[in-house]
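I have placed the structure first, in the form of structure tokens, so that the comments after it can refer back to it.
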Amino acid sequence: MKASKRIPIAALAAVTVSGLALTACSDDDSGSGEPLESLNIMAPFFSATPPEEDDPIDLALSEIAGLDLSVQWVPNSDYGSKTNTVLAGDDIPDVMVIQGKDQAFVQTAEAGGFWDLTEHLASGDYPNLVTENPEVQEASSVNGKVYGVYRARDVIRHSVIIRADWLDNLGLDLPETTDDLYEIARAFTEDDPDGNGQDDTYGMINIAWAGLGNGSPYDAIEVWHGAGNLWTDQGGELVPSFTTDAWLEALEYERDLVDNGYVNPDYATMDGANWNEPFLNGEGGIIIDVQSRAAQLVGLFKDQDPEGFDQYVGLAGQLEGPHGTFAMPTAGYAGFLAIPRSSVQTEEQLDQVLTALNELNTTEAQNLMNHGIEGDNYTVEDGGAVFDPAKQEFTDLVTGAWAQLGMNLAGYTAHPIKQGTDYEQEFYDYRLALQAEDLENAVFNPAAAFVSPTYTTKGAQLDNIILDARIQYIDGQIDEAGLQAAIDQWHSSGGSEVAQEINDLYSSAN
């Protein structure tokens, strides 16, 4: 780290913004204003061990970045607490992976502890940092201000995963609408899809799901019905999706599936770790989840039936609902790389950092961070990366650590991973085609950028009110009056304040 004394960011966040501007956030070249000689980064790792200093990836990326990279690797399980400790200290890195917009980060950023990158990223001076998905960058912002270079993830991941052999047995096609899905769930329950003459199958496989708006099958069905994505604009005002008529219509759909036995009986308590088993074992035939689960299931069937594994897994894109075609996106990012102002103190230093990050988003850098060293632990065949099993330990180090620095916000241009068979390659290409198709109908959360102080402190409590009521209504434990009572409780417990704060920010942004 640079030897100069740094003001703890946590301390900066506690002073007024005006006072801050006179101390750590001055843009003159006094104090620690010399050009950076290295780029100090703090990042999490998931691998068994962290990379060693000056490992081959470190050296190659340092050359690309034009600055010597010095990464402080922190186990992911300890990363949150370590972040708070570092921000409260005086040895603060130049770049930090921030995993989410928690209260501490938001307060620190808005107090001036991190660089506002909004105009810098929009300038075009760093072309590899210009997002290909403005909605995602907006969602990663804090009330419209961008305090980090986000780490891009697939925007569209959800699809309907379905037993293709059961469809064939019953002469059914992949679903295109929510009505189609309902009919398939009925047929998989009532029409003996496996042909064994027994009443031993059901349609949809659901699991117990914590959290609201975080990708559950219920969230997907509600988006398909036109309820919006957590929040929706009604006449220029943002309202919670669960207050809309379309949300209630979606719950009626889900309740009917349960009432008729078209869903596994333990849907409210089933452990997510066991989600694949009923599908593999021929008990249930439909899963609404991320596409990577479909690829995982293909691999599991391949283990069971190496000759005929290509007949079991079908994949349908997001479905047309009763009011149109709406696709549920992810947040599109997993945290971001933020730049503390107490360590990067001048515009000139900031330019150095952004120039380095720009270079770390090139194709060459993406291949290094996601795959490793071409010709060493992987080769390229027919345009795809093929990994050497003998170098798996190093590959795990790359994907478990260096990939955490991957941003890819201007697009992922590294080599795709070559699939094991022609069928798996076709399945992979089909997944990408579905993602591109569904992206055109993505319904982004219009409130994603806004930070409500009330929600920051009461969000978990408020979400649980709706989560509990939703599952109770679907299960038939409460009626529509009980559901409305829960919504009223949400409003009286702080929800009305959340809605007001969100709409104040929404009005200001528009």
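Bear in mind these aren't lab numbers, they're just calculated from the coordinates by the rules spelled out. These numbers come from a predicted model, not from an experiment. In this analysis, Cβ positions are derived from the backbone assuming ideal geometry, glycine residues included, and neighbour counts consider all displayed protein chains.
Below is a table of values for the structure above.
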{"read-out": "Where GluC sites (Glu not before Pro) fall in DSSP loop in the range 66-161, at most 13 other Cβ within 10 Å", "value": "Glu132"}
{"read-out": "Long-range amide H partners of Asp289 with built H, under 5 Å", "value": "Ser159, Ile161"}
{"read-out": "Low-density loop cleavage sites - GluC sites (Glu not before Pro) in the range 305-359, where at most 12 other Cβ are within 10 Å (DSSP)", "value": "Glu307"}
{"read-out": "Taking the range 158-328 and dividing mean pair separation by its residue count, relative contact order in percent (alpha carbons under 8 Å, at least six apart)", "value": "40 percent"}
{"read-out": "Which label in (1) 86, 64, 44; (2) 80, 60, 35; (3) 79, 56, 50 gives the computed Cα extents along the principal axes in Å", "value": "(2)"}
{"read-out": "Residue-span extension gain [Asn76 to Gln392] - 0.36 nm each, minus C-alpha spacing", "value": "111.7 nm"}
{"read-out": "Karplus-derived HN-Hα couplings along the range 280-286 (A = 6.51, B = -1.76, C = 1.60, θ = phi - 60°), whole Hz, x at Gly and Pro", "value": "5, 8, x, 8, x, x, 9"}
{"read-out": "Using a Förster distance of 45 Å, the FRET efficiency for Gln461-Asp422 (Cβ separation, nearest 0.05)", "value": "0.30"}
{"read-out": "Local electrostatic count, Gln366, Cβ distance below 13 Å [Lys/Arg +1, Asp/Glu -1]", "value": "-2"}
{"read-out": "Where GluC sites (Glu not before Pro) fall in DSSP loop in the range 48-83, at most 15 other Cβ within 10 Å", "value": "Glu52, Glu53"}
{"read-out": "Amide H partners (placed H, <5 Å) of Arg151, local residues excluded", "value": "Ala334, Gly335, Phe336, Leu337"}
{"read-out": "Contact order normalised by residue count of the range 229-315, Cα under 8 Å, 6+ apart, percent", "value": "12 percent"}
{"read-out": "Restraint check, Lys82/Lys391; Lys82/Lys145; Lys101/Lys418, Cα-Cα greater than 29 Å", "value": "Lys82/Lys391; Lys101/Lys418"}
